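Read through the structure below, which is laid out as structure tokens, and then see the notes.
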Amino acid sequence: MSENRLSEWREEEYLAANPDVQESVARGEVADGYTHWVTCGQFENRPGAALTTGAAGTTRYCTDPWINAEFDPAGSVKMCCMNNLHENLDDFADLEQLRQADAFRQLRHDLLTGNLSAACRACHIRPTVPTQRFVRNICGYDQGRISPLNPGQLTTARVDINEQCNLRCVYCAVSQ
């Protein structure tokens, strides 16, 4: 079974298998075949995707990979407090370039398809919701003209000043 890696996406194959989507892309009505597949095609069982959706049909309602950055004392940036996925800010020109890194795009893809990592499946902070509902909320009103893999406007930033905390504060998501 495929790991559902974003790198397995085959744009040309999907467009060839779905001429109506190809026409929509050509007219600028949808950003690309991947955007169509995420927003519609995966729920319509469209051919040519070479990707799968999560068997449960649910995902975590987590918008952190789109709107959040979490900084640790060593200069790494994570997109959420539960996932160990991180990149070093020094390896990128700026924060926006870091937020476009492959690892973060893959995390957004995983949430959009319901193919969750072990960390996301174990998350106790974000509830599970039907994948289709989550995709509609993430894609909002742009109706597919912007790729849902792109990060949104950064609205929250967390700074983790102590990775060894053992206080178990009631308001801390990590200690719960």
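The values are calculated or read from the model by the stated rules, or taken from the named source; none is laboratory data. Since we're looking at a predicted model, the values are computed, not measured. Ideal geometry is used to build each Cβ from the backbone, glycine not excepted, and the neighbour counts take in all protein chains shown.
Does region 64-79 contain at least one residue that is under 30 Å from residue 19 (Cβ atoms) and not basic (Lys, Arg)? No, that holds for no residue.
In region 33-80, how many are small (Gly, Ala, Ser) and surrounded by 21 or more Cβ atoms within 10 Å (Cβ to Cβ)? Here the count works out to 4. Restricting to region 88-105, count the residues that are in contact with a helix residue (DSSP H, G or I) (Cβ under 9 Å, 6 or more places away or on another chain), touching a residue at least 40 places away in the same chain (Cβ under 8 Å) and surrounded by fewer than 20 Cβ atoms within 10 Å (Cβ to Cβ). Adding up the residues that qualify gives 3. Taking the numbered list (1) under 15 Å from the mean Cα position of the chain (by Cα); (2) aliphatic (A, V, I, L, M); (3) at pLDDT 85 or above in turn, residue 146 passes all entries but (3). Scanning region 6-40 for residues that are not in a helix (DSSP H, G or I) and not acidic (Asp, Glu) gives 9, 10, 18, 27, 28, 30, 31. Just to be sure before I move on: is residue 151 over 15 Å from the mean Cα position of the chain (by Cα) and modelled with pLDDT of 85 or more in the structure I sent? When the stated conditions are applied, residue 151 does not pass them.
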